[in-house]
1. Quick check on this structure: which one of T337, T303 is touching a residue at least 60 places away in the same chain (Cβ under 8 Å), open to solvent by 50 Å² or more (accessible area, probe 1.4 Å) and outside any loop (DSSP other than H, G, I, E, B)?
2. Right, V467: outside any helix (DSSP H, G or I) and either hydrophobic (A, V, I, L, M, F, W, C) or closer than 25 Å to F248 by Cα (or both) or not?
3. Here is a check on your reading of the model: is I79 open to solvent by less than 10 Å² (accessible area, probe 1.4 Å), under 18 Å from T443 (Cβ atoms) and β-branched (V, I, T)?
4. Would you confirm whether or not segment 503-525 contains a residue that is touching a residue at least 24 places away in the same chain (Cβ under 8 Å), small (G, A, S) and open to solvent by 30 Å² or more (accessible area, probe 1.4 Å)?
5. Taking the conditions exactly as written (of a type in the set (D, E), modelled with pLDDT of 95 or more and either out of contact with any Lys or Arg (no Cβ under 9 Å at 6 or more places or on another chain) or open to solvent by less than 10 Å² (accessible area, probe 1.4 Å) (or both)), does D245 satisfy them or not?
6. Within the set of pairs 6+ apart or on separate chains, which have a first residue in segment 98-109 that is part of a helix (DSSP H, G or I), a second that is among the polar types (S, T, N, Q) and open to solvent by less than 80 Å² (accessible area, probe 1.4 Å), and C-beta atoms under 7 Å apart?
7. Within segment 448-468, is even one residue modelled with pLDDT of 95 or more, within 21 Å of N59 (Cα to Cα) and among the charged types (D, E, K, R)?
8. Just name the residue that is nearest to the chain's Cα centre (by Cα) out of those in segment 340-369 that are small (G, A, S) and surrounded by fewer than 22 Cβ atoms within 10 Å (Cβ to Cβ).
Amino acid sequence: MKKWLSVLLVLSFMIAIAACSGNNNPGNEPAQTEEGNAAEFVDGKYTTPVTLSTVWGLNYTSIFKEGETIEDNVHTRVIKERLGIEIKYNWVVTDTNDAYKTKLRLMISSGEEMPDIVSFRGDLETVNMLIDSGQFMPVGDLVDKYANDTYKAGLELDPTIWLPISRGEDKMALPILDYAYNGDKVMWIREDWLAKLNLKAPTTLAEMETVMEAFVKNDPDDDGKANTLGLATGFKNGFSNWMTDIGFVFGAHGTMPNQWNLTADGTLEHGSINPAAKAALSKLKEWLDKGYISQDSALLDETTGAELFTKGEAGITFGPNWLPAWPFPDLLNNVPTAKYKAYPIPSGPDSKIGSAGGNPPTNGYVFINKNAKNPEAIVHYYNWFFDNTANPQPGSEFEKGFAEGYDYATLPDGSITADIAKYPDLFPGLKDQTAPPLYYTLTYEGARIPTLYAETHVKLAGGAEPVTPYEKQEFNTRLKENTDAMKVVMDQNSIRMKNYYMGPLTETMQSKNELLNKLLNETFNKIIYGQQPVDSFDTMVENWKKSGGEQITKEVNDWYNSVK
């Protein structure tokens, strides 16, 4: 009898402990610390700190207060304090000339052990290399078990979010959600140049050519020199880019390069080989010959191409709604009297209008090492930003921003500002630029609820008063030109040309993509620069098809038919 009572007591004790350790929050299972001790995630924090190792590339958003670095800053300290997660950076590079991507690829090719997590936004080839390295785990179960409702709701907005990183039934990385339509472009114009030359903003390519002619010939910067351009361009990386975009020229003729477009017969076609691309290249050659665009355009990427606008040399550029936050402040530093404004994408012959966009609201992925001691830690991390900063509640700690004196400051009347030029004393340890800590989080911008940004800015552009903390943050820390630009994007939403191939690299892409992309880019550049006749486009298309393009087209359509 005593023996059975002892057994029952032990069982009762074990059940009681199990019951006490559980709650309704996602994930309270024991995790392993660096020393191998079990640590539970209880009430939003690990009971014993765990370490999450990673690697990083510093870019233009990496602005730190004096004395802080990517390894030690307000973000890393808050995450350690609130979540019990210590972030360890195995290496950090300044991400110029794709240094971060290059180093990742070298790690993969050499078989070097990857850190616990790798964040990456960029080309699909590198995404596939990371997946195919065999070092990273499927994440579907982690999302099901640990992701909070806000993250799950964002993922459910568009099922195609998972397609580029799926291998059979396995989902091989965490999608980093972005604001919907945030990458869609508008036409930015120097409003002061239009006013000086008594011009109206163009609505067609023909009208745009009239404006560019005036910008080149009529000295809009009033310095007495023939040193201005019509359009800031940089197509070193391709012909449909995230900034200094010229994809609109192709869209105005009925195609979009560097992506797979849906044709009238329901099949997918590579936009760079569509006959409409030939007409667009002929137009770009004409613009180069007339001096509307820079002779160095083929040597400039998106960032260096944008400098033609921010240095006051060019009067038009095409890019996202948020350019007033970066890099347009450089324009005002260089030309304090400059004024700019966003306008709709102009139409082309036959009133066609097109600009790349409309794809799933993602901008990058987080890969989790299959040997990570705490694979769930990055999901808890991402949840925390969705809960606290993505859409903060009134009266909450982060209702004004992430950290006072970093991304915002409070004025005497209680309102907030990010105007460091006007209030430098409110941003100690910084010079010229604020230091938003969300921009160096492991998910690049903390967390973003896809629908929130566009809805907010359309509302504010219509004259409504900001009510929620998020609306007040956007109203007080972004320029009106930014808000008005988002309204332009949404008013012209129907012109967006979606990339319909969202799958992984096909078998032939893996061996032929580099060759085919080189063929396309070299031919496009030679036509624009007059080194080959425009008709060489037709020969290029035939060579593209024979060199693997035709087989890739078949593989792409086989995939499309399997998922549509």
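The values are calculated or read from the model by the stated rules, or taken from the named source; none is laboratory data. Predicted, not measured: the structure shown is a model, and the values here were computed from it. With ideal geometry, Cβ positions are generated from the backbone for all residues, glycine too; neighbour counts draw on all protein chains shown. Only protein heavy atoms, including side chains, enter the accessible area calculation; ligands, DNA and RNA are left aside. Shrake-Rupley method; radii C 1.70, N 1.55, O 1.52, S 1.80 Å.
1. T303
2. yes
3. Values: open to solvent by less than 10 Å² (accessible area, probe 1.4 Å): yes; under 18 Å from T443 (Cβ atoms): yes; β-branched (V, I, T): yes.
When the stated conditions are applied, I79 passes them.
4. There is at least one residue in segment 503-525 that is touching a residue at least 24 places away in the same chain (Cβ under 8 Å), small (G, A, S) and open to solvent by 30 Å² or more (accessible area, probe 1.4 Å).
5. Against the criterion (of a type in the set (D, E), modelled with pLDDT of 95 or more and either out of contact with any Lys or Arg (no Cβ under 9 Å at 6 or more places or on another chain) or open to solvent by less than 10 Å² (accessible area, probe 1.4 Å) (or both)), D245 qualifies.
6. Hits for this filter: K101/T126; L104/T126; R105/T126; I108/S133.
7. For segment 448-468, residues modelled with pLDDT of 95 or more, within 21 Å of N59 (Cα to Cα) and among the charged types (D, E, K, R): present.
8. G364
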